[in-house]
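Participant: Structure in structure tokens, see below.
The values are calculated or read from the model by the stated rules, or taken from the named source; none is laboratory data. The structure displayed is predicted, hence computed values, not measured ones. Glycine gets a Cβ as well: all are built from the backbone with ideal geometry, and neighbour counts include every protein chain shown.
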Amino acid sequence: MDAIILQILNGLDKGSAYALIALGLTLIFGTLGVVNFAHGALFMIGAFCAVTLNKLFSLSFETVDPTRTDFLGNPLKVKTPYLVDWFGPEVGASLIDWAVPLSILFSIPIMIGIGFAMERGLIKHFYKRPHADQILVTFGLAIVMQELIKHYYGANPIQTPAPDAFRGSLDFGVLLGFDPNVIIYPYWRLVYFAFAAVIIGGVFAFLQFTTFGMVVRAGMADRETVGLLGINIDKRFTIMFGLAAAVAGLAGVMYAPINSPNYHMGMDFLVLSFVVVVVGGMGSLPGAVAAGFLLGVLESFASMNQIKSLLPGIDQIIIYVVAIVILLTRPRGLMGRKGVMED
Amino acid sequence: MTKNILTRRGVLKTGAGVGATLAVPTLFTGAAWAGYMNEPMGASVTLGFNVPQTGPYADEGADELRAYQLAVEHLNGEGDGGMLQTFSSKVLEGNGILGKKVEYVTGDTQTKSDAARASAKSMIEKDGAIMITGGSSSGVAVAVQGLCQEAGVIFMAGLTHSNDTTGKDKKANGFRHFFNAYMSGAALAPVLAAQYGTDRKAYHLTADYTWGWTQEESIVAATEALGWETVNTVKTPLAQTDFSSYIAPVLNSGADVLVLNHYGGNMVNSLTNAVQFGLREKMANGKQFEIVVPLFSRLMARGAGENIKGILGSTNWHWSLTDEGTKAFVKSFGTKYGFPPSQAAHTCYVQTLLYADAAQRAGSFNPCAIAEALEGYEFDGLGNGPTLYRAEDHQCFKDVLVVRGKENPTSEFDLLEVVEVTPRAQVEYAPDHPMFAGGALGSCNPGA
């Protein structure tokens, strides 16, 4: 039982990341009709926003400590962060410690800006082109973005820790009446899950309860009619692209302490997120979220030793097996609408 | 106007002349001077440095390339000479190899076997490289070694730790200076037993490819021989990034040690995930839970940050060693680049010097002459103590370092501390050891 609860927690946590990325992906597809293969790169850039702020906060000046030597035998140069020098050891160290949560504020304008630039500068020229062209150009863009990141940050993962207050694990089992140390789960992963729930809820509320959201939903249902009513739907869709980029970026920022960011992390999520979108139903926001959590939980269960002993290798193919079964039984995905990506 | 008339006497005379001409090299210079692939005819000789310049191990590849450039400088008599000053062999004089200036070309392995073979092939066929060296993956090393064997050039492997490179996939044209998974197990197990006791239950997470398999097999054999029990061995996909679903079952598996047979990004992520799940603070079977990373890389360890503190592992070499060879290399590398070299840089630098030295001693660039010079060669002064290039499998035998993540690092490079220098005798094994069985060295191929 304890193993099952642990894998459910794991699945929900994985599903949070899948759902956040897939949400932005399907939002772009549903509004602009663009298959955006650069969406994983936006997730990666979000994570590197956290890396960048961490590095900015850690910028240091050097002083020579004559009592110690470096690896060449020269007097050791000791680095002191400017923040520690300016605000004192406690405040300075706290700012550095909280770099990841503070990156949320830092990343939102950056991601929206990148989203606007991508949409206005490149993707809008491909609206009327076939999906294959869109895939090629956005995939190329993703490679350019990841190579740029690699050029400036290197190929190795860069550790970006969570604040001290969120390191360690919660003894979840005790809350459920189990013995201590049976079901423990990292605090930051629980924070990630809660954060994802808030973001997903926020996006749905924005689309459901605001006039802007109503127009966007109307545009997703029938773009032409909304245009005939004199509403500049293109402008609103551009804003939605920026919003989708920000959602992907925020997912990346908060993911940075879970796995050290590297330039390739977007590609690692991209294929899975596309499967999530297809399983959920192209253009369906609730479908993307539901499929994200479903596939996250199934993937976690497939990694259990008991399951792997029965079906060796199932952990590596479970998502694709489920995708095949769902698409065979429900060709439009779990919540897909008629007419989307259909002639 | 002249008329060509074939006569019986003319044909005989021409045939005898051609035959005599063809026979001259063999008659007067012996086997060492026979024709071979990419024989250098001019005043220079070209080496091919095949390293990952893109892909996940690009930083390691960049460090390898720095080391190669330094080695070329030293061979050509530039710079401070580095380890040439401490190398036990004194035949290299700083005037290139056999009087020919050393030049180099580079290729990008991308840490993909097919790309690595293609770049090595290009360097051999288009650039005339007489030797290929480098790499940061066992899959790549095995693939490129096979290509070099077919092409008839020497392959001096870079960072490759799988038993298979000098085991079932060994080749007569291939040579490995780096240590292997068996040696890691043999060096690490006694230290693990001394530090954590002999009554331990281990759970292995293993990268699902050639290196991971041999690493797991080696550590399991070495620790079980000391009394440890192996609770479970779980293979993880190489492309895995989030290991949480593999770590979670460890919590209640009955194990009190987690062995991470992972390297590079896999290692960084699995170790980070294990620490996040509180395994370092956990008590199991009345003992403190421990994590072990059998193959440490300082470059990769940076990505794991504070999570490596106190974690035991093994390494081929470390810049903090105090022997004269290490000091000379660290000074040379550190002065030129501003930071200490990695173990990948060290093995690549040493491999280049060893190749050059073998050619110099053989008096030829013929791969077969060089192979003969390297086989059974004993040397010292290159940072690992007295070392043997064993003839039977072309594996170097030398001391192995057991290291631990440093608790209080003084800089971003000061991440590991040497716990024990395991003597060479403790990591030696018979050439026909079961973990290395299944392949044949074959015979040297000189190419042309």
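Participant: Scan the stretch B:210-217 and give yes if some residue there is facing chain A (nearest Cβ under 10 Å) and either under 22 Å from residue A:188 (Cα atoms) or charged (D, E, K, R) (or both), otherwise no.
Facilitator: For the stretch B:210-217, residues facing chain A (nearest Cβ under 10 Å) and either under 22 Å from residue A:188 (Cα atoms) or charged (D, E, K, R) (or both): absent.
Participant: Within the stretch B:399-417, how many residues turn out to be more than 14 Å from chain A (Cβ to nearest Cβ) and under 25 Å from the mean Cα position of the chain (by Cα)?
Facilitator: 6
Participant: Here's something else I'd like to know. Quick one: which helices (runs of 4 or more DSSP H) sit completely within the stretch A:241-322 and have at least 1 residues that are more than 10 Å from chain B (Cβ to nearest Cβ), out of contact with any strand residue (DSSP E or B) (no Cβ under 6 Å at 6 or more places or on another chain) and crowded, with 24+ Cβ neighbours inside 10 Å?
Facilitator: So the answer is A:265-280, A:285-302.
Participant: A further question follows. Restricting to strands (runs of 3 or more DSSP E) lying wholly in the stretch B:345-448: which have 1 or more residues that are among the hydrophobic types (A, V, I, L, M, F, W, C) and outside the structural domain of residue B:73 (by TED's automatic domain parsing)?
Facilitator: So the answer is B:400-405, B:416-422.
Participant: If we keep just the residues of the stretch A:163-175 that are out of contact with any Asp or Glu (no Cβ under 9 Å at 6 or more places or on another chain) and touching a residue at least 24 places away in the same chain (Cβ under 8 Å), which is surrounded by the most Cβ atoms within 10 Å (Cβ to Cβ)?
Facilitator: In this case the residue turns out to be A:166.
Participant: Quick one: in the stretch B:36-54, which of the residues that are of a type in the set (A, V, I, L, M, F, W, C) and not in a loop (DSSP other than H, G, I, E, B) is farthest from the other protein chains (Cβ to nearest Cβ)?
Facilitator: Once the filter is applied, the top-ranked residue is B:45.
Participant: I'd like to check something: does the stretch A:185-193 contain any residue that is in a helix (DSSP H, G or I), away from chain B (no Cβ under 14 Å), closer than 22 Å to residue A:10 by Cβ and among the aromatic types (Phe, Trp, Tyr)?
Facilitator: Within the stretch A:185-193, none of the residues are in a helix (DSSP H, G or I), away from chain B (no Cβ under 14 Å), closer than 22 Å to residue A:10 by Cβ and among the aromatic types (Phe, Trp, Tyr).
Participant: Working only within the stretch B:361-377, note down all residues that are in contact (Cβ under 8 Å) with a residue 60 or more places away in the chain and in contact with a strand residue (DSSP E or B) (Cβ under 6 Å, 6 or more places away or on another chain).
Facilitator: If the condition is that a residue be in contact (Cβ under 8 Å) with a residue 60 or more places away in the chain and in contact with a strand residue (DSSP E or B) (Cβ under 6 Å, 6 or more places away or on another chain), then B:367, B:370, B:374 are the ones that fit.
Participant: Is it fair to say residue B:345 is within 12 Å of chain A (Cβ to nearest Cβ) and either surrounded by 24 or more Cβ atoms within 10 Å (Cβ to Cβ) or modelled with pLDDT under 95 (or both)?
Facilitator: no
Participant: Would you point out the residue of the stretch A:48-100, among those that are touching a strand residue (DSSP E or B) at 6+ places or on another chain (Cβ under 6 Å) and in a loop (DSSP other than H, G, I, E, B), that is modelled with the highest pLDDT?
Facilitator: The qualifying residue modelled with the highest pLDDT is A:58.
Participant: Within the stretch B:159-178, does at least one residue satisfy the condition of being more than 30 Å from residue A:188 (Cβ to Cβ), small (Gly, Ala, Ser) and at pLDDT below 95?
Facilitator: The answer is yes, given that some residue of the stretch B:159-178 is more than 30 Å from residue A:188 (Cβ to Cβ), small (Gly, Ala, Ser) and at pLDDT below 95.
Participant: While we're looking at this one, here's another question. Select from the stretch B:120-158 the residues that are under 17 Å from the mean Cα position of the chain (by Cα) and at positive phi and write down the one among them that is modelled with the highest pLDDT.
Facilitator: By that ranking, first place goes to B:134.
Participant: Oh, and also: Within the stretch B:276-307, can you find the residues that are facing chain A (nearest Cβ under 9 Å) and not in a loop (DSSP other than H, G, I, E, B)?
Facilitator: If the condition is that a residue be facing chain A (nearest Cβ under 9 Å) and not in a loop (DSSP other than H, G, I, E, B), then B:276, B:283, B:284, B:299, B:300, B:302, B:303, B:304, B:305, B:306, B:307 are the ones that fit.
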